[in-house]
Amino acid sequence: MKKYKVIQCYTGTIGSHIGRLLIDNPKFELVGCLVHSDDKHGQDVGELLGVDPIGVKATQSIDEICALDADCASYNGLGGGSDLGGDVSGFWDIGLVARLLRSGINVYSGWGGWYPEDKELQILTEACAAGDTSVAAAGNVPGLVSDAMPIFASGFTTNITRIHCRESDVIFHYPSAISQAAMGIGRSMEDAKKNLDPAPWEWLMRQSAKMVMDAIGAEMTDFRLLAKDLGAAPEEIHLPKSGVTIAKGHVAGVRWTYGAFSGDRCVYSCEVELPTVCGLGKGWRQSMDEPEYTVTLEGKPGIKMTFASLKGADDIQAVIDINAARAINMIPLIIEAQAGCQSMLSMPFISAK
């Protein structure tokens, strides 16, 4: 059996899970691991990921990573961000991704690159041509409810006039303080209304919306934020994994809604709701029994598609599992694809093997 040689770039929550899946799957060989912190450098990658040693040392050296004989790199977070409008908490380093591609290593990305545009597309396309490589990305938002679900469902209807996507993930058990920085959780309502900037997320969601609009043959003439809603804590809330305590009346949930227009008509909208608890008010998620992801297509016939994890909507492990599984299923297709930026619209149907 041919083994795909893969590098894991960074070992955060999702990156570590992908690394463990690579080690456990006989189709793959984990041949390298790029890390950020000094204490991880030089550790056996297996031990770093919480499994048996595999005889491969983690490194902070990008030169060492690029010199490896590898088919693909799984890129998950960290880096310097992008000066091209793609700087979202420093998780997308287009310079590093382009360097991997130029060195002959295909790239799967869990952050950025879903449907590149303008300068990013030019940089990545040139890097792919130089290295005869390809790059593609996925995740859950974007990568699931905002593009994969509506594109799949569109094949079962005609005459589509409107698409609405909705994610509602309860983040009570999220372990990271990113909820404070990127989502404003725990801030006062006044501070969040004034200073919480949804612009970085627009960079992500615009790519997703453009992919869907292209899939259904609609010209996207405009894309913009339609609404930014904040949910106030009805009482003091303590988040056990992150250690954050939200005072009564402070931000306990955030919801952004984006829209893609064709002319003066909003054809596509995507609502991303991230409450820490249910019942923050009218229009917010009221019950844990509601599905995390819902897509509604108005057409002939009208369709409503839901997607939910059996683990439960408040289990962060479910989100990790979904993201990691998508990476594992896409990596072989990226390796075998023609050189260039790839997406769901250009790759074969993605399924588990």
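The values are calculated or read from the model by the stated rules, or taken from the named source; none is laboratory data. Just so it is clear, the structure is predicted and the values come from calculations on it, not from any experiment. Cβ: placed from backbone, ideal geometry, glycine included. Neighbour counts: every protein chain shown.
Laid out as a table, the results:
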{"quantity": "Residue among Gln286, Gln342, Gln338 that is loosely packed, with under 15 Cβ neighbours inside 10 Å, within 30 Å of Asn106 (Cα to Cα) and not small (Gly, Ala, Ser)", "calculated": "Gln338"}
{"quantity": "Residues of the stretch 7-21 satisfying the condition of being in a loop (DSSP other than H, G, I, E, B) and buried (at least 20 other Cβ atoms within 10 Å of the Cβ)", "calculated": "Tyr10, Thr11"}
{"quantity": "Segments classed as helices (runs of 4 or more DSSP H), wholly inside the stretch 129-199, with at least 1 members that are at pLDDT 95 or above and exposed (fewer than 15 other Cβ atoms within 10 Å of the Cβ)", "calculated": "148-154"}
{"quantity": "Every pair of residues 6+ apart whose Cβ atoms lie under 6 Å, when the first sits in the stretch 4-16 and is within 12 Å of Gly32 (Cα to Cα) while the second is surrounded by fewer than 19 Cβ atoms within 10 Å (Cβ to Cβ) and modelled with pLDDT of 95 or more", "calculated": "Lys5/Glu29"}
{"quantity": "Residue within the stretch 294-316 that is among the polar types (S, T, N, Q), touching a residue at least 24 places away in the same chain (Cβ under 8 Å) and either crowded, with 21+ Cβ neighbours inside 10 Å or within 18 Å of Met183 (Cβ to Cβ) (or both) present", "calculated": "no"}
{"quantity": "Selection status of Asp24, closer than 16 Å to Asn329 by Cβ and either buried (at least 17 other Cβ atoms within 10 Å of the Cβ) or modelled with pLDDT of 95 or more (or both)", "calculated": "yes"}
{"quantity": "Within the stretch 236-254, considering residues that are of a type outside the set (Gly, Ala, Ser) and in a loop (DSSP other than H, G, I, E, B), the one modelled with the lowest pLDDT", "calculated": "Lys241"}
{"quantity": "Qualifying position, being assigned by TED's automatic domain parsing to the domain that holds Ser309 and over 28 Å from Asn329 (Cβ atoms), among Ser188, Ser168", "calculated": "Ser188"}
{"quantity": "Selection from the stretch 100-113 of residues that are in contact with a Lys or Arg (Cβ under 9 Å, 6 or more places away or on another chain) and farther than 19 Å from Ile62 by Cα", "calculated": "none"}
{"quantity": "Candidate set from the stretch 22-62 (those that are part of a helix (DSSP H, G or I) and closer than 18 Å to Asn76 by Cα); member that is nearest to the chain's Cα centre (by Cα)", "calculated": "Leu22"}
{"quantity": "Criterion: more than 21 Å from Asn323 (Cβ to Cβ), in contact with a strand residue (DSSP E or B) (Cβ under 9 Å, 6 or more places away or on another chain) and modelled with pLDDT under 95 - qualifying residue of Leu121, Leu101", "calculated": "Leu121"}
{"quantity": "Inter-residue pairs, beta-carbon under 6 Å, first assigned by TED's automatic domain parsing to the domain that holds Leu96 and in the stretch 31-45, second in a strand (DSSP E or B), 6+ apart", "calculated": "Val31/Lys5; Gly32/Ile7; Cys33/Gln8; Leu34/Cys9; Gly42/Lys57; Val45/Cys33"}
{"quantity": "Total residues in the stretch 210-235, condition touching a helix residue (DSSP H, G or I) at 6+ places or on another chain (Cβ under 9 Å), assigned to a loop (DSSP other than H, G, I, E, B) and surrounded by 17 or more Cβ atoms within 10 Å (Cβ to Cβ)", "calculated": "2"}
{"quantity": "Condition met for Tyr115 (of a type outside the set (A, V, I, L, M), modelled with pLDDT of 95 or more and not in a helix (DSSP H, G or I))", "calculated": "no"}
{"quantity": "Residue within the stretch 70-84 that is touching a Pro at 6+ places or on another chain (Cβ under 9 Å), within 25 Å of Ala148 (Cα to Cα) and modelled with pLDDT under 95 present", "calculated": "no"}
{"quantity": "Hits in the stretch 327-349 (condition: within 16 Å of Ile151 (Cα to Cα) and in contact (Cβ under 8 Å) with a residue 12 or more places away in the chain)", "calculated": "Gln342, Ser343, Met344, Leu345, Met347, Pro348"}
